[in-house]
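Contents: one structure, followed by commentary.
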Amino acid sequence: MKKKYILTLLFSFLFAFSFQAQVTVGTGDVESEEMPIEPYYKFSYSQVIYHAGEINASGTITGLKYTATEETTLANSDGWTIYMGHTSLDQHLVESGSTTVNWVDISELTQVFSGTVTIANQEVSITLDTPFEYNGTDNLIVSVNETSNVNDQYDSSSHDFYCTESTGSYRGLVYYTDSQTIGPIDTSSLPAVTSGNRRQSYANITFEGITQSCENPTAIVVDN
């Protein structure tokens, strides 16, 4: 009887562990960084770099989650297209001797979602149309293009998403406008390829479908 109880407990644990497979990167409460989108403008585009060491996992990413402020509704900002890709970049760069920002070209990214998102309990949960195979070695770029423009409106300035500071490292690159000049996003379709603002922060995110490796696994010995 004792053996059956222990086995049942172990199977239950393993099932729950796999069911809740996810990795969260960022727990900060920084606002007004325009990532993953800027609801206060009609259109926005962001590219955010997440380091492999922070993710500490590999495998198939099946979904993403973002956390927003309590006021955020996305009433006019719910049309998202999301791209992901591996990168050797640790941060977003500018051209030497200038302020020109270097966007990662869309040809280097893979579209993983396009559609309408919803928010519940301050959380935007997105199931990817195309799961992304993350190698666990390279850094990861997540790029979000918001172009819904419902009734030519935008949301309130108090509507925003939470980010985490990365002092000294420009992990975010953003562009936002009230003119319909973005989408489908391509660096050549930006008003000027050099446009954009770097951010020393990154959007808090949860990657679903992958689980972090245990750095120091402990063996479990079951005694009759």
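Using every pair of distinct Cα positions in region 45-183, the Kirkwood expression returns a hydrodynamic radius of 16.2 angstrom. Counting Lys and Arg as +1 and Asp and Glu as -1 over every other residue whose Cβ lies under 13 Å from the Cβ of Thr177, the net charge comes to -3.
Accessible area per residue for region 62-162, computed on protein heavy atoms with a 1.4 Å probe, is 46 Å². Quick one: pull the percent of accessible area on region 107-167 belonging to carbon and sulfur, 1.4 Å probe, ligands and nucleic acids left out. That share works out to 38 percent. Shape analysis of region 51-97 places it in the oblate category; the axes a ≥ b ≥ c from the Cα gyration tensor give an a/c of at least 1.5, with a/b not above b/c. Here the accessible area is traced with a 1.4 Å probe on the protein chains. For region 22-75, carbon and sulfur cover 39 percent of it.
Our estimate of slack between Asp29 and Asp129, defined as 0.36 nm per intervening residue step minus the Cα-Cα distance, is 33.1 nm.
At a temperature of 20 °C and a viscosity of 1.002 mPa s, determine how fast region 14-93 diffuses translationally according to Stokes-Einstein, using the Kirkwood radius over alpha-carbon pairs as Rh; express D in µm²/s, rounded to the nearest whole number. Taking Rh from Cα pairs, D becomes 140 µm²/s.
The values are calculated or read from the model by the stated rules, or taken from the named source; none is laboratory data. Just so we're clear, the structure is a prediction, and the values are computed from it rather than from any experiment. Cβ: placed from backbone, ideal geometry, glycine included. Neighbour counts: every protein chain shown. The accessibility values were calculated without ligands, DNA or RNA, using every heavy atom of the protein model including side chains. Shrake-Rupley method; radii C 1.70, N 1.55, O 1.52, S 1.80 Å.
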